Amino acid sequence: VTVSVLYWTDSSNTTLAVMLAHVADTWAACRDFVRVECNGRPASHGLAHMEHVTQLSLLIATMEGVTSPADLRDVANVAMLHDVADHKYDADGTLEPRVRAFIAAKLYPEAADDAASAWAAIDAVSFSKEKKRGRRYFEEALGPRWTRVRDIVSDADKLLAIGEDGLERCWHYQLERHDGVIARAKAEGKEPPAPMTPEEVTRDVVEHAHDKLLRLASEYTVTPSGKFLAAPKHKDMEAVLELWTTKPPRTLVYEEIAK
């Protein structure tokens, strides 16, 4: 895999400081928006996750040779907002219009086409939608520039889903989801299910890994830089899953979350 790395010098026509300053303004606005809209959301899909995806997205963009401040701004915007209206947290459909309104009013107030494209790119950062609608279904609608933005952010998001840390994130999410089931049952006056055991969590995580996570590096990571970064994480994930077939899972992780 050929990976282009961009080196910055004082003589660069566009300095790193100028570029990051251009990104920082809208990044900060997105951070404030996400902090409010995702308040109380589990860490696996909350502000910290979106910040991490943004950092990785800018790394990949730099490795891919993206130099335009506007392009880096678009990458940061899409990355910071990519999970706000995730279907798992927007059952009543109220988050999507708020995200779209924020994009139009705060990020691209004088560029309606860019506002629409930014939302379309966010909407396309989805494994389930690409699996359902067909590979690269979004390319014609997004066009080359916004497809590149989408691919960079999607690769960053996939990187956080794989590897040992990706499996732990999945572990956290399985418990968070089950805690939600318990809470809803109690709120409705029903008998709640028992807490999940480490073995049950492991079973669900392994099943999810084979359904999705083990496919991400080879099938759904797009950019050369993303593939380069994903390769060792994929191997680590395979090793952890193999270990789980012969030894108990990391029960300390379970015990910490279950407290």
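Miscellaneous remarks
- Using 0.36 nm per residue and subtracting the Cα-Cα separation, the extra length available between residue 88 and residue 136 on full extension is 15.0 nm.
- The residue among 228, 160, 93 whose Cα reaches farthest toward the positive pole of the charge dipole of the chain, with charges on the beta-carbon of Lys, Arg, Asp and Glu, is 93.
- Among 103, 60, the order by Cβ neighbours within 10 angstrom, fewest to most, reads 103, 60.
- Our Cα-only numbers for the stretch 162-259 put the radius of gyration and Dmax at 15.7, 52 Å.
- Taking the helices alone, the chain has a mean residue ellipticity at 222 nm of -21500 deg cm²/dmol, built from -39,500 (n - 2.57) per DSSP H run of at least 4 residues and averaged over all its residues.
- Relative contact order for the stretch 1-154, counting Cα pairs under 8 Å that sit 6 or more residues apart, in percent: 24
- Pairs of Cα atoms nearer than 8 Å and 6+ residues apart set the relative contact order; for the chain it is 20 percent.
- Close lysine pairs were tallied over the chain: pairs 8 or more places apart or on different chains with Cα atoms under 20 Å apart number 22.
- Euclidean distance of C-alpha centroids, the stretch 199-213 and the stretch 222-236, integer Å: 21
- Sorted by Cβ neighbour density within 10 Å, fewest at the top, the residues 157, 90, 74: 90, 157, 74
- When the chain is reduced to its Cα atoms, the Kirkwood hydrodynamic radius in Å: 19.6
- In plain terms, the residue of 81, 175, 160 with the fewest other Cβ atoms within 10 Å comes first and the most crowded comes last, giving 160, 175, 81.
- Across the stretch 162-259, the mean sequence separation of Cα contacts (distance under 8 Å, 6 or more residues apart), normalised by length, yields a relative contact order of 42 percent.
- Only one residue of 124, 52, 78 has its Cα farthest out toward the positive end of the dipole of the stretch 1-154, where Lys and Arg carry +1 and Asp and Glu -1 on Cβ, and that residue is 124.
- Nearest-0.05 FRET efficiency for residue 187 and residue 68, computed from C-beta distance (R0 41 Å): 0.25
Readers should treat all values here as calculations from the given coordinates under stated rules, not as data from a laboratory. Quantities reported herein were computed from a predicted structural model and do not represent experimental measurements. For neighbour counting, all protein chains shown are included, and Cβ atoms are generated from backbone atoms with ideal geometry for every residue, glycine included.
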